């Protein structure tokens, strides 16, 4: 390719680059504004100031003084991690069984399971609350995770990606004397690690950002999560926007870290890649 042709191609790509730059700026600006607002006074945030200020330490001190920040962070991490680990185990076992063990009733049961995706969460909230309350699990980690311990979406994702799992490996493992659970833990899980990474990101983010169900079952302030803490900051008669945005920043950073660390595996898992 000559230099003339190369220059012509680059000139034709200029509008594309400009469009991508504008879209990237629009996507990143809310994140930038969140960080800058956490460094400004409430009055500056209300006025629309978008440059960085000098009140970051003050806002942080006010946040820790007004709320139990570390307790809410600890609760959110505990609930999200436990739900993620348990959901991955349960949903992957279900997807593994639905796809790799053949039975004439399997597809019918799976179809019934998928119907649960059509039921809105608010429709099941009252019976779920009565069940959790009757067994004395209010204000506990189990009250948070039990309704989401198994989701049709994750089961469907594991089942779909299990179609790429080489069945010949299972036959060879059985000949070598491995049990079905040994096949699952020692062969299926390592091969499906991209799917596990994608499911972990989805489950962790959903658990971390969950607000409505924890608000129902976590009446004790010592059990509150970060979304509940932020909602309390925003519900006062006078809202300190600097402190509020500092809380939002603390709530957003963990999910961003999780996504950036696992973004490659997340993309592979969503597209059904198997390694």
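The values are calculated or read from the model by the stated rules, or taken from the named source; none is laboratory data. A quick note: this is a predicted structure, and the numbers were derived from the prediction, not measured. FYI the Cβ positions are ideal-geometry reconstructions off the backbone, even for glycines, and counts take in every protein chain you see.
Any chance the stretch 173-192 includes a residue that's buried (at least 20 other Cβ atoms within 10 Å of the Cβ) and under 24 Å from residue 79 (Cβ atoms)? No, the conditions are met nowhere in the stretch 173-192. Residues in the stretch 15-57 that are outside any helix (DSSP H, G or I) and in contact with a helix residue (DSSP H, G or I) (Cβ under 9 Å, 6 or more places away or on another chain): 38, 39, 40, 41, 49, 50, 51, 52, 53, 55.
Residues in the stretch 18-74 that are loosely packed, with under 11 Cβ neighbours inside 10 Å and closer than 17 Å to residue 232 by Cα: 65, 70. With respect to the conditions (1) out of contact with any helix residue (DSSP H, G or I) (no Cβ under 9 Å at 6 or more places or on another chain); (2) modelled with pLDDT under 85, residue 190 lacks only one, and its number is (2). Residue count for the stretch 211-259, restricted to those that are outside any helix (DSSP H, G or I), within 23 Å of the chain's Cα centre (by Cα) and either assigned by TED's automatic domain parsing to the domain that holds residue 31 or surrounded by 18 or more Cβ atoms within 10 Å (Cβ to Cβ) (or both): 3.
Taken residue by residue, the stretch 52-61 has at least one member that is more than 20 Å from residue 251 (Cα to Cα) and modelled with pLDDT under 90.
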